[in-house]
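Derivation of every value follows stated rules applied to the coordinates shown; laboratory data play no part. Everything numeric here is computed off the predicted structure, so don't read it as measured data. So basically every Cβ, Gly included, is an ideal-geometry build from the backbone, and we count neighbours across all protein chains shown.
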Amino acid sequence: MELIEASKKKRLINFIIDIITIVILVAITVQIEFMVDNKMPIKILRVLIIYGGCYIPMEYFFGKTVGKFVTRSRVVNRDGSKITFRTAVIRYLCRWIPFESVSLALGYDAKAWHDMLSKTYVIQESRE
């Protein structure tokens, strides 16, 4: 099976959809938190949990985030196999590297630092 990498445009669309999803979840959670308690450290922790909770399980179980479902793309290991939980965690942690979100735009190909460091590809799914 030939792996066709997702284009930079699709990767950008994935990113935008994922960020919008996370912002909505954080906004809902923050509103509930303000009603219950007004402690900032708990809010920050909750944002980290939501952010990780969106990426790690979705990429591990489905190979996709919300954005990747929309654009019909998937994250896989370099050999095309399903990523492990450890790899999903590495991808998530790499997203916290400063300027990581612009690494895709700076490269000549459609790879971000979280792809290179976790040895993964984001591929375009076939229409079969």
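Given the alpha-carbon gyration tensor of region 8-123, what are the semi-axes of its equivalent ellipsoid in whole angstrom, ordered largest first, with each equal to the square root of 5 times an eigenvalue?
Over the Cα atoms of region 8-123, the semi-axes work out to 27, 14, 14 Å.
Just Ser103, Ser118, Ser73 to compare: in a GNM of the chain, with alpha carbon springs under 10 Å, which one fluctuates most?
Ser103
What distance in nm lies between label points placed 7 Å from Cα along the C-beta direction at Trp96 and Leu25?
1.6
Compute a Gaussian network model of the chain, connecting alpha carbons closer than 10 Å, and tell me which residue from Thr29, Thr21, Thr87 fluctuates the most.
Among Thr29, Thr21, Thr87, the largest mean-square fluctuation in the Gaussian network model of the chain belongs to Thr29.
Quote the charge dipole size of the chain about the Cα centre in Debye, to the nearest 20; the model charges only the Cβ of Lys and Arg (+1) and of Asp and Glu (-1).
That gives a dipole near 40 debye.
Of the chain, which part is the longest with no chymotrypsin sites (Phe, Trp or Tyr not before Pro) in a loop (DSSP not H, G, I, E, B) and with at most 13 other C-beta atoms within 10 angstrom?
Numbers: sites that count: Trp96, Phe99, Tyr108.
Maximal segment without exposed cleavage sites: 1-95.
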